[in-house]
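> I have a structure here, written as structure tokens, and I will follow up with some questions on it.
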Amino acid sequence: PGGHVGNTVIAARIYPPVMNATGVGWAQGLGRVGCVIGPAAVGVAVGWDVSNTMIFAASGCVALLGAAAAIGIAHYE
């Protein structure tokens with residue numbers, strides 16, 4: 001949780017002024033959904049006795065996906 005902090009800046013730069021508030025709102029909303037789902041998913045994984053190695057590997061994959069999305073946005077802009 002915390003990668004969504006940059007969503008405001010990115011959304012404000014990408015969306016045209018007419019849609020700026022809507023774009024920033026959606027970016028913040030989806031970021032907050034991720035901040036709830038992430039810890040909940042880890043809790044479920046711990047409840048299912050998934051190993052710490054697998055949990056960290058899955059978290060790393062999600063982080064890499066986010067990095068790839070950020071790189072893609074940088075090329076879009």
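> Counting only complete DSSP H runs, which helices of the chain cover 27 Å or more along their long axis at the Cα atoms and score a mean Kyte-Doolittle of -0.5 or above?
20-47, 52-76
> With the full set of protein chains in place, find how many percent of the accessible area of the chain is carbon and sulfur; take the probe as 1.4 Å.
After summing per-atom areas, the C and S share lands at 74 percent.
> For the chain, what is the mean residue ellipticity at 222 nm derived from helices alone (per DSSP H run of n ≥ 4: -39500 (n - 2.57); sum divided by total residues; nearest 500 deg cm²/dmol)?
One gets -27500 deg cm²/dmol as the mean residue ellipticity at 222 nm.
> Further question: On average, how much area does the Cα convex hull of the chain cover when viewed from any direction, in nm²?
5.2
> Rounded to the nearest 0.05, what FRET efficiency do ALA69 and VAL46 have when you use their Cβ-Cβ distance and R0 = 22 Å?
Efficiency for this residue pair is about 0.25.
The values are calculated or read from the model by the stated rules, or taken from the named source; none is laboratory data. Predicted model only: the values in this text are computed from it and were never measured. Note that each Cβ is placed from the backbone with ideal geometry, even for glycine, and that neighbours are counted across all protein chains shown. Accessible surface areas use protein heavy atoms only, side chains included; no ligands, DNA or RNA. Shrake-Rupley method; radii C 1.70, N 1.55, O 1.52, S 1.80 Å.
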